[in-house]
Structure formats: structure tokens, C-alpha cells
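Since the structure comes first, as C-alpha cells, the remarks are kept for the end.
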Amino acid sequence: MHPYILHFGSVFLPTFGVLAAGGLMAALFLSLRTAATVGLSPDKLWNAGLFAILSAFALSRLLLVLTNLQTFRAYPVLLLTVPSLTVMGLLLTAIVTLIYLRLRNLPLLRTLDAWAPCATLTWAFLALGHFAEGTDPGLPTSLPWGMAIPPDNAPRLHPVPLYAAFAALLITAGLLRYLSPKRISGETFALALAASGVTQFLITFLRQPNPYPVPFGNVLDPIQWISLGMIVTAGLISLPSRKLVSHAV
């Protein structure tokens, strides 16, 4: 495992952070192509993507500070280095991004179509980051490509992050081929949600169980519940559009 690309004295450069930043930049550049494909302004989509990324960073940091004011007063720099992306931070980011898209006259579903391959590409980079830092462990396996982790006598584990990265790249390639201005608005985004949800649901069977008690955690893993939500959302997006097309025909 290589959790740090650079370690010089008290300076640490985490591999996950570098790969996450690289994935976001790659996604932004890819959005220039996908925007043109669906008939949106590449400059507008670039700015919207940059706004969403900066909003996620700023709002998550703000929530972290507000919920840990005493710690922030004592160790401000240390607290700000803690990973802070949370469900609430993502929800607030989605709200302000929706407002931004409205103000910039960017159609929501077309924008999500253009962003779909960018999101799955970012997922691939994040998965590689988890692999580098040794997180997201899998179940023991006797397969030759199992991950060997210290100590030497420990069982080899499924390289779940590599499975996820490979699947994310395949989904990205498929979405780029599927993306077209002739598609129904939201169709590509729905396909991305369904494909990613099914992939995560299946891969989770090879992950180590979630160690924390959560509601209905004895039925399915939390990631699998989220995956089912993604699949259902994909259906809710695609079915109304399909009905409109069938009525028109």
C-alpha cells in the first residue's frame, strides 16, 4: 500500500487526495466534450462543475467547523485536514448547485446527462485512491490476484477498489458511446445511476461487512441500500420520459 506520495518531515501528501484531485480535473476536462455532445455550452458546464466542486469542499468544511467549534478553536489547521465530505454536505451542495443551474439557464436533465460520464470517471480515480491507501478491504480469497496486506500470514483479500475502478472505467466508456443529443433528456443519467447502482450492489458482496450498527444493516449493507436507491431513482427518471415518447408515437 502507498498511502502517501510524498513524506518529507512533517509534510504528508496523501495518495488518495492526489488521485481525487486528478479525478476531478479529468472530469472537468471531460465535461467540455460531453457538454458539446448533448448541445450545452462547454464553458457554462465547466463553470457549473467547478462551482459544484468548490461548493462541496466549502460547505463540508463549514459543517465540520460548526459541529466541532471547540476542537476548531484549539486545533484549527488539524481539523481542516480531516476528511469532511458528509451526506449533509452533499445535500447542501446539490441544493446550491440546482440554484446555480437555474440561474445559469442550464437544463437539469441535460446537464446531468453530460455529467454522468464525468462522475463515473471520478469514481474510478477515487477507487484507485482507496486501493493505494489500503481502505475498502474485501473478503478473504484464494484467487491469485488477492491483495496481500501486513502481517505476512494474513489472508489475501479481494481487491475491491480495483474491481470498482475497472467497473467505473467500463461504465464511463459505455456512457460516452451512449451519450447523444438524440437521447431523451435524463436517459444517460438514468443509465449511469442504474449501472453504477447494480455494480456497487454486487461488489459489496465481496466487501467486508460494515462494522457499525445501522438501521436494517442486518438485511443489506448500507452501500447496497444506497445502490437500490440509485436503481429506483433511475427508473423514476426514465419511465415518465418513455411514457411521453410512447404517447407521441
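Throughout, read-outs are computed from the coordinates displayed, never taken from laboratory work. Remember, predicted model here, so these are calculated numbers, not experimental data. A quick note on method: Cβ atoms are made from the backbone with ideal geometry, for glycine too, and the neighbour counts reach across all protein chains shown.
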Counting only DSSP loop positions in the stretch 141-196, the trypsin sites (Lys or Arg not before Pro) whose Cβ has at most 12 other Cβ atoms within 10 Å are 182
How would you rank 132-143, 103-114, highest first, on the average number of other Cβ atoms within 10 Å across their residues? 103-114, 132-143
At 222 nm, what helix-only mean residue ellipticity would the chain give, in deg cm²/dmol to the nearest 500, using -39500 (n - 2.57) for each DSSP H run of four or more? -23000 deg cm²/dmol
Counting other Cβ atoms within 10 Å, which chymotrypsin sites (Phe, Trp or Tyr not before Pro) in the stretch 166-216 have at most 14 and lie in a DSSP loop? 216
Taking the 0 to 90 degree range and rounding to the nearest ten, how far is the long axis of helix 42-67 tilted relative to the main principal axis of the chain, both from C-alpha atoms? 40
Given a Förster distance of 35 angstrom, what is the FRET efficiency for residue 219 paired with residue 18, based on the Cβ-Cβ distance and rounded to 0.05? 0.40
